[in-house]
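Quick notes on the structure that follows.
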């Protein structure tokens, strides 16, 4: 069984697992490099379960033992593009000079690694599928709350330059469900959320689905509540050392989706973008950096 097939098996069997096996399975999905690099006891300690739980998970997934279970992860790790390694090494070298540099190095190295793992795991095909889902939707309802609101806002802001069918759900005054009353079959709900998953967001997504909307999720696990409700989920890695999970991978995916939507559009969309630029210029929104003071 290769790495991709194993991930699919874990996702398919996740709801049937016991709570402790779920905890172990989630760690396996979120931190596959740990399985390749660490012993069973080391992985169990990091996952917050017992070594016997890790062994049981391996056996429930069809492997005779834990070492056989590690083989697909080791192969995956060898095949990964390691272009971020040199950049991470340079950051660590700079970190030797001060504690401030060390903290910056840890954060930036983690972001680089998360970006690399996110794109390696997703691949072009899945991002292309997400772009087609958005491109054919009559309307796109966008929801991201708390620390991930900037990602939702960016996607809405960028798309509004050339599309007129995006709706940002701000939830002001507890109005998520009110704004979603406009959802009709065929519309897409772009939901962006990491653990811990806000109740308001999940209720809003469920309401949208009940109205016939399809969910495109940007989330941190293939077994997150958002992913389980999604027609398509884009799972990002967010394992940085900060007390908040990094928004960088989710923001990068949002930027990629905007670029794909624009690249796949026709001349009328380009004209709409040009019109947006002319309007901003006519209102003097931005300074002219080429003009002398």
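Derivation of every value follows stated rules applied to the coordinates shown; laboratory data play no part. This is a predicted model, so every value here is computed, not measured. Virtual Cβ from ideal backbone geometry, glycine too; neighbours counted across all protein chains shown.
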Calculated FRET value between residue 75 and residue 50, using beta carbons and R₀ = 30 Å, to 0.05: 0.70
At 1.567 mPa s and 4 °C, Stokes diffusion of segment 133-212 via Kirkwood alpha-carbon radius, µm² per second: 103 µm²/s
Spin-label model distance (nm) - residue 16 vs residue 184, 7 Å beyond Cα toward Cβ: 4.1 nm
Spin-label model distance (nm) - residue 125 vs residue 165, 7 Å beyond Cα toward Cβ: 2.6 nm
Extended-chain gain in nm, criterion 0.36 nm per residue less alpha-carbon gap, residue 268 and residue 67: 66.7 nm
Kirkwood-type radius of segment 3-79, with distances r between different C-alpha atoms, in Å: 12.1 Å
Under the Debye formula (equal points on every Cα, no solvent term), log10 I(q)/I(0) of segment 123-282 at q = 0.12 Å⁻¹: -0.49
Difference of contour (0.36 nm per residue) and Cα-Cα distance, residue 5 to residue 39: 10.0 nm
